[in-house]
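Heads up, the thing below is written out as C-alpha cells.
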Amino acid sequence: MKPIFATSTSLQLRLFFAVIASFTLIVFDSKFDSFSNVRLYLNTAVSPLIYAADIPSEMLKGVSNTVVNRRDLKKQVAEQKDKLFTQQVQLLEFKHLKEENKRLRALLNSPIHSDQRKLVAEIITVNSDPFSLQVVINKGAMDGVYIGQPILNEQGVVGQIVDVAATYSRILLISDITHGIPVRVQRNDIRAIANGGGELNSLNLPYMPHSTDIQVGDLLVTSGLGGVFPEGYPVATISEFIYQVGEPYAQVEAKPVVALERIRYVLLIWDDEANASETKPKADMLDPKLEVAPKSETAKEKVL
C-alpha cells in the first residue's frame, strides 16, 4: 500500500535539474556536435507536421488569389465591353464619314467645265409645302450665290436658285410644276422643254408631235438655250411616250436622273469668274441677318 503521507521531490528542484541538464546538453552539442544525427531524425519526423500546419495558410492564400483574380477579370471584361462598344460606335461614324467622303469626291469630280467656278453646298432643310418642291442650302449671297444660278450634283441637274439670303438660299427643283428647262435628246438632238410634273420623280415634255423621234430610255441633256444651264448636263430619261389617236400631241413623261428625294450635297456653278466677282462684293456689304432679295414668283414661273 502507498503511504498516505508520501514525500516527493519539489517542483523547484525538478526545474533546477532540468535547467542544468539542458544547459549541459547545449554545451556538449555546441562543442562536440553530439546531437546532429538526432536533430536530423527529429526534423525528418516532424516535417509532415510542418507541411500539414502550412496547408490552411496556403489554402487561404489560394482562395484569396482566386477571388482577386476573378474580381480583376470581371473588371477587365467590363472595361473591354465598354471599349468594344465605343469602338463600334466609332466604326459607324467612320463608315458614315467614308460614305460622305465618297459622295463629296464624286461631286467634285463631276463633269464640270474646268473654267467654271464651283462650290459645294449642303441641304439644311426641305420645304414643307407639298405644292412647292424646294430645298434650302447653307450658302447665300455672302458666298456669291445669285438668283437663277444653276444647281447640279454628280448625277446631273438639280434645279436653280430662286431666293437668296446672306447665309442661305432656296433651290427650286426641276420637278416643281412651275419650273421648266430647255433640253435636247442626246441621241438625235431633238429640242424640247422639260417641265416639272409636280412630283419629285416626274417631268413632262408638252406639245410633242406624235411623229417625234423620241423613245423610252432616251437621255435628255441641257441644250444650253436661255443661257442659264450649261449645255450637255444630264436632266432626265424618257419613261413614257403615249399617243392616243385623234390627239394632236403625244404624252411624253421623263424621270430625273438625280434622285431628288435623297440629295444632301449639291454643286453651285458660275458661268465665269467675272459673274462671281461682280456678285461677291455686293454680298459682302450685306448684314448676314438680312435677305438679299424677297422670294420672287416671277423667277419661279420663268421658263428657262
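Our note on the geometry: Cα centres of the range 133-180 and the range 248-272, 12 Å apart.
Residue by residue, the range 195-212 carries 3J(HN,Hα) couplings of 9, x, x, x, 10, 4, 10, 9, 10, 9, 10, x, 6, 9, x, 5, 8, 5 Hz when phi is fed to the Karplus relation 6.51 cos²θ - 1.76 cosθ + 1.60 (θ = phi - 60°); x denotes Gly or Pro. Label-to-label distance for Y207 and E261 is 3.2 nm, based on points extended 7 Å past Cα in the beta-carbon direction. For the range 119-265, dividing the convex hull volume of the Cα atoms by the residue count gives 102 Å³ per residue. One equal scatterer on each Cα of the range 115-179, no solvent, Debye formula: the resulting log10 I(q)/I(0) at q = 0.29 Å⁻¹ is -1.44.
Maximal additional length on extending the A78-S10 stretch stands at 17.2 nm, based on 0.36 nm per residue less the C-alpha distance. Extent of the range 139-225 along its three principal axes (Cα atoms, max minus min coordinate, largest first): 49, 22, 20 Å.
If you wrap the Cα atoms of the range 196-245 in a convex hull and average its projected area over all directions, you get 4.4 nm². Residue separation of K102 and E122 scaled by 0.36 nm, minus their Cα-Cα distance, works out to 5.7 nm of gained length.
Since every read-out is calculated from the coordinates, none of them should be taken as a lab result. Treat the numbers as computed from the prediction; the structure is a model and nothing was measured. Counting neighbours? That spans all protein chains shown, and the Cβs are built from the backbone with ideal geometry, glycine included.
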